[in-house]
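*Asks:* Pasting in a structure now, in structure tokens, and then I'll have a few things to ask.
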Amino acid sequence: EQARASGYEPTQRPLPLPSVREPAKAAVVAVRQAAEHLGERDARFSARALEHEARLFAEGRANSEKIREAIGELAKKGELQHRDVQDRAAGGRREATTGFTTRAGIDCETKMLRAAQVLQNRKGGIGPTNATSGHLQRFADAAIRKQERIGGREFTPEQRAATTSILTSAKSIHILHGHAGTAKTSSVLACVQATAEQKGYTVRALAPTNDAAQKLGDSIKSTHATVASHLMRDSQPKGGSQPDKRELWIVDEAGLISARDMQRLLEKAEREQVTVLLAGDTKQLGSVEAGEAFEQLRDKLGSVDLIDIKRQRDEQLRSAVYDSLRGEVRAALSKVPVMEANTRAERVAEITRQYMAHPSEERKETLVLAPGKDDREQINDAIRAARRERGELGRETTIEALQKSDLTRAELKQAARYQPGWIIEAGRRYAFGPDKGERG
């Protein structure tokens, strides 16, 4: 109707689709889409997973034989590169098997490591420039003593060593690897932030999630933002309106950052002549997207480490945490109370009972961790019901909210992945389509 109103008569002839109808070409397209899909979440993936996803993307236009031929063809061209991967075998075991990585993934990681090396070689130390080692040591000692007075407790030897290493280094990138509970935020990061601001730096607290960014910002008294929103901020190259303004980006939970976002973050730091401090733990959750960026950077550049856990004051519990960090699950579980439940209903009931056994003030500081979304919803419902019985909850209100579909970028391009009843929200303004925020 719009075309006719503008003086154009649409043709009734359907658009030809010859290339995608040919099984060989359809197989190549499907394998590329499958590799893009798998490569978004994992740097390496098994040949079996690639074949499986390619069959789904092919939508019946290519059989398994053509898909395997397409995989071989793309491997010869270098778009897919052979890598050994760990995959599930019979009985739930993990075993080494044939797999692949993508050229795009390798390019991303190469650029990330190159940007990190540039920052490693560029001078951007927080301490005084052209100072002797003795002067730098005294500078770090004074900063630590000041933070100890503010925090009301002495630094441990490893906290002192880590802080000194960062404050006396001339590099523009620092990596702090600290296990959960080592008090790295209240000791090392707080001291580095206060010292940097004293030396004229603008300090920004960054993290992959809004919650983590806010906690870091509140702890070290700095402006905070998520890594994603920070990457959207316009670059300000050195030499602009404030050529002498120096910045330090303190990035917490760096292990959650993908290689793609880490590459963009370090390249942005390189452009803007910024000093970066990445803090994280390779033993905690990894990034949703592919890369293991923090671990790669730590392997290449080295790190200052905090391993002495302070959070668990009970010696047996602390020992169990160290066992878990080493992957010795049986030893860890032997040191803590364990209850086995035969069904999910039993588990939900017991978790609810134990949670409600705590006084209400303690419950404000009590966490319940669940393995999946279904568990989470059932446990929440059960706890709410128990609290309602005690008269702890007021009037109930139901709120409808959208839940992210969690499709990869490759899946978003394929209409067959969408389901009836889904809501699509435009993330940007389209020239001949919806405006940003518009839903359909």
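The values are calculated or read from the model by the stated rules, or taken from the named source; none is laboratory data. This one's a predicted model, so the numbers in the text were calculated from it and none came from an experiment. Cβ sites come from the backbone with ideal geometry, for glycine too, and all protein chains shown count toward neighbours. The area values use the complete protein model at the heavy-atom level, side chains included, leaving out ligands, DNA and RNA. Shrake-Rupley method; radii C 1.70, N 1.55, O 1.52, S 1.80 Å.
*Asks:* Gln86: open to solvent by 40 Å² or more (accessible area, probe 1.4 Å) and assigned to a strand (DSSP E or B), yes or no?
*Replies:* For Gln86, the condition - open to solvent by 40 Å² or more (accessible area, probe 1.4 Å) and assigned to a strand (DSSP E or B) - is met.
*Asks:* For residues that are in a helix (DSSP H, G or I) and in contact (Cβ under 8 Å) with a residue 12 or more places away in the chain, tally how many sit in the stretch 64-79.
*Replies:* 10
*Asks:* Could you list, in sequence order, the residues of the stretch 397-440 that are outside any loop (DSSP other than H, G, I, E, B) and closer than 29 Å to Ala34 by Cβ?
*Replies:* Scanning the stretch 397-440 gives Arg409, Ala410, Glu411, Leu412, Ala415, Ala416, Arg417, Glu425.
*Asks:* Name the single residue, out of those in the stretch 262-293 being surrounded by 20 or more Cβ atoms within 10 Å (Cβ to Cβ) and without any contact (Cβ under 8 Å) to a residue 60 or more places away in the chain, that is farthest from Thr102 (Cα to Cα).
*Replies:* Restricting to residues being surrounded by 20 or more Cβ atoms within 10 Å (Cβ to Cβ) and without any contact (Cβ under 8 Å) to a residue 60 or more places away in the chain, the top hit is Leu265.
*Asks:* Could you tell me whether the stretch 415-429 includes any residue that is of a type in the set (Ser, Thr, Tyr), open to solvent by less than 70 Å² (accessible area, probe 1.4 Å) and under 26 Å from the mean Cα position of the chain (by Cα)?
*Replies:* Checking the stretch 415-429: not a single residue is of a type in the set (Ser, Thr, Tyr), open to solvent by less than 70 Å² (accessible area, probe 1.4 Å) and under 26 Å from the mean Cα position of the chain (by Cα).
*Asks:* Continuing with the same structure: Determine if the stretch 366-385 includes at least one residue that is open to solvent by less than 90 Å² (accessible area, probe 1.4 Å), closer than 30 Å to Gly60 by Cβ and assigned to a loop (DSSP other than H, G, I, E, B).
*Replies:* No, there is no match, as no residue in the stretch 366-385 is open to solvent by less than 90 Å² (accessible area, probe 1.4 Å), closer than 30 Å to Gly60 by Cβ and assigned to a loop (DSSP other than H, G, I, E, B).
*Asks:* May I ask you to say which residue of Glu377, Glu438 is among the acidic types (Asp, Glu), under 30 Å from Ala290 (Cβ atoms) and out of contact with any Cys (no Cβ under 8 Å at 6 or more places or on another chain)?
*Replies:* Only one candidate passes the filter, namely Glu377.
*Asks:* Step by step: first the residues of the stretch 309-365, then only those that are under 28 Å from Arg387 (Cβ atoms) and basic (Lys, Arg), then the one that is modelled with the highest pLDDT. Which residue is that?
*Replies:* If we take residues in the stretch 309-365 being under 28 Å from Arg387 (Cβ atoms) and basic (Lys, Arg), then Arg353 is modelled with the highest pLDDT.
*Asks:* Moving on to the next point. Go through the stretch 327-350 residue by residue and tally those that are hydrophobic (A, V, I, L, M, F, W, C) and in a helix (DSSP H, G or I).
*Replies:* 7
*Asks:* Output the number of the condition that Thr102 fails; it satisfies all remaining conditions of (1) touching a residue at least 60 places away in the same chain (Cβ under 8 Å); (2) of a type outside the set (D, E, K, R); (3) open to solvent by 40 Å² or more (accessible area, probe 1.4 Å); (4) within 17 Å of Glu51 (Cα to Cα).
*Replies:* (3)
*Asks:* Moving to a separate point now. Could you run through the stretch 399-411 and say how many residues are free of Cβ contacts under 8 Å to residues at least 12 places away in the same chain, within 23 Å of the chain's Cα centre (by Cα) and surrounded by fewer than 13 Cβ atoms within 10 Å (Cβ to Cβ)?
*Replies:* Final tally of qualifying residues: 3.
*Asks:* So, one more: Among strands (runs of 3 or more DSSP E) lying entirely in the stretch 112-229, which contain 2 or more residues that are free of Cβ contacts under 8 Å to residues at least 24 places away in the same chain and open to solvent by 20 Å² or more (accessible area, probe 1.4 Å)?
*Replies:* Counting at least 2 such residues, we get 223-226.
*Asks:* Of the numbered conditions (1) part of a loop (DSSP other than H, G, I, E, B); (2) open to solvent by less than 30 Å² (accessible area, probe 1.4 Å); (3) touching a residue at least 40 places away in the same chain (Cβ under 8 Å), Arg61 satisfies every one except a single condition; which is it?
*Replies:* Result: Arg61 fails condition (2) only.
*Asks:* Right, next: Quick one: would you say Pro359 is closer than 25 Å to Leu285 by Cβ and out of contact with any Lys or Arg (no Cβ under 9 Å at 6 or more places or on another chain)?
*Replies:* no
*Asks:* Looking at the stretch 321-365, which of its residues are open to solvent by less than 40 Å² (accessible area, probe 1.4 Å) and either closer than 18 Å to Ala180 by Cβ or touching a Phe, Trp or Tyr at 6+ places or on another chain (Cβ under 7 Å) (or both)?
*Replies:* Passing the criteria: Val321, Asp323, Leu325, Ala332, Arg363.
*Asks:* Within the stretch 263-286, is there a residue that is at pLDDT below 90 and farther than 30 Å from Thr202 by Cα?
*Replies:* The answer is yes, given that some residue of the stretch 263-286 is at pLDDT below 90 and farther than 30 Å from Thr202 by Cα.
*Asks:* Give Thr101, Thr110 a once-over and let me know the one that is over 22 Å from Ala30 (Cα atoms), at pLDDT 90 or above and polar (S, T, N, Q).
*Replies:* Just one listed residue meets the conditions, Thr110.
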